[in-house]
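Notes for the one structure printed next.
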Amino acid sequence: MQKSGRLSDKSIELIRECGISLSNGSRKLLSGSSNFPLEVMYLRDDDIPRYVADGVADIGIVGENVVAEEKAPVETREKLGFARCRLSLALPKSESYEDLSDLEGKRIATSYPGILNDYFSEKGIDAEIHEISGSVEIAPGIGLSDGIFDIVSTGSTLVSNGLREVETVMDSQAVLVAPPEMEQEKEAILSDLLFRIRAVKKSRNNKYILLNAPNDRLEEITSLIPGMKSPTVMPLADKGWSSVHSVLNENDFWEVIDQLREKGAQGILVVPIEKMIV
Ligand code: ATP
Ligand code: ZN
């Protein structure tokens, strides 16, 4: 995983949430685990796809953008849902832009020449790609290029540099990569790890919900929160009421809560789930 940068903390957090303890929090080159057959190597993110392809590491956590740029023969085994960003073309605000042909003959600064070159070839655009390693967003301002191709998340960096996003070329997030073929023993460890990662990912998207429902509206209320199999319904000491327990997806959250209240649910509690195995 990445030694220091935007992926580091989230990568370590994911491994820890999988119940895997890592020694040596200070991040030397390597740390081992006392309760899972895993050793973590901390590397520059750009090296990760190649190291995995070469067998220096067995698996890696890295941005999809870096996998695409490095073109190493590795497979994405799981999307991890963090470090979400996009790679976009941007021009100075004052430049007019209608379509890609406006980039014909322009100089574009980027740290991702491979992805951009593939994109321009596919679209039949003849532009000059100028590779620079950092602070790409200032290139047009200092006359180094006409436009840029770079990572965007909120777009605020672009705005503060007087730039405007004109095309999104790819979406990216952190992924777990592995070589196409793995020894059986390692594949078994990986599938154990992936099982845990999926349980953590699922739990992040779901909440445990408890509420009190009047018995005469129980059916309507339980149908709104079907949960993993079906909700738990228990009688309250107070006659005519039941306690309902279920699991609710974050994406539907507010809408469902509103409907539950309309149907007479009271005392709604929502609590985080640590792990979720379906
Ligand atoms: P270096 O290799 O020089 O350390 P980098 O840009 O590769 O620089 P980071 O800035 O740590 O390193 O980014 C690591 C990864 O995180 C990127 O490859 C990308 O996948 C993702 N990323 C980068 N910027 C953002 C952002 N603003 N929001 C979300 N994810 C991002
Ligand atoms: Zn990098």
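The values are calculated or read from the model by the stated rules, or taken from the named source; none is laboratory data. The model shown is predicted, which means the values in this text are computed figures rather than measured ones. Reconstructed Cβ throughout: ideal geometry from the backbone, glycine too, with neighbour counts over all protein chains shown.
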Can you find a residue in region 114-121 that is assigned to a helix (DSSP H, G or I), touching a strand residue (DSSP E or B) at 6+ places or on another chain (Cβ under 8 Å) and hydroxyl-bearing (Ser, Thr, Tyr)? yes
Being within 16 Å of ligand 1 (Cβ to nearest atom), within 20 Å of VAL66 (Cβ to Cβ) and out of contact with any Ser or Thr (no Cβ under 8 Å at 6 or more places or on another chain) narrows it down to one residue among ILE115, ILE132; which is it? ILE115
Residue list for region 228-256, filter: touching a strand residue (DSSP E or B) at 6+ places or on another chain (Cβ under 7 Å), without any contact (Cβ under 8 Å) to a residue 12 or more places away in the chain and hydrophobic (A, V, I, L, M, F, W, C): MET234
Neighbours by Cβ (under 6 Å, 6+ apart or cross-chain): first from region 1-24, within 23 Å of SER172 (Cα to Cα); second part of a loop (DSSP other than H, G, I, E, B) and near ligand 1 (Cβ under 9 Å from one of its atoms): ARG6/ALA83; LEU7/ALA83; LYS10/PHE82
Any residue at all in region 229-245 that's of a type outside the set (Ser, Thr, Tyr), closer than 25 Å to CYS18 by Cβ and either assigned by TED's automatic domain parsing to the domain that holds LEU116 or surrounded by 14 or more Cβ atoms within 10 Å (Cβ to Cβ) (or both)? no
Can you confirm whether ILE138 is within 16 Å of ligand 2 (Cβ to nearest atom), among the aliphatic types (A, V, I, L, M) and closer than 27 Å to GLN2 by Cβ? no
Selected residue (only one of ILE225, ILE189 is under 30 Å from GLY55 (Cβ atoms), surrounded by 15 or more Cβ atoms within 10 Å (Cβ to Cβ) and touching a residue at least 12 places away in the same chain (Cβ under 8 Å)): ILE189
For the list (1) in contact (Cβ under 8 Å) with a residue 24 or more places away in the chain; (2) surrounded by fewer than 13 Cβ atoms within 10 Å (Cβ to Cβ), I need the number of the one condition that SER34 fails. (1)
Within region 133-149, residues surrounded by 13 or more Cβ atoms within 10 Å (Cβ to Cβ), of a type in the set (Val, Ile, Thr) and more than 11 Å from ARG107 (Cβ to Cβ) come out as VAL136, ILE138
All conditions in (1) part of a loop (DSSP other than H, G, I, E, B); (2) closer than 30 Å to TRP254 by Cα are true of PRO180 except (2)
Can you pull out every residue in region 1-23 that is among the acidic types (Asp, Glu) and surrounded by 17 or more Cβ atoms within 10 Å (Cβ to Cβ)? GLU17
Of the listed residues (VAL177, VAL152), the one being surrounded by 16 or more Cβ atoms within 10 Å (Cβ to Cβ) and out of contact with any Cys (no Cβ under 8 Å at 6 or more places or on another chain) is VAL177
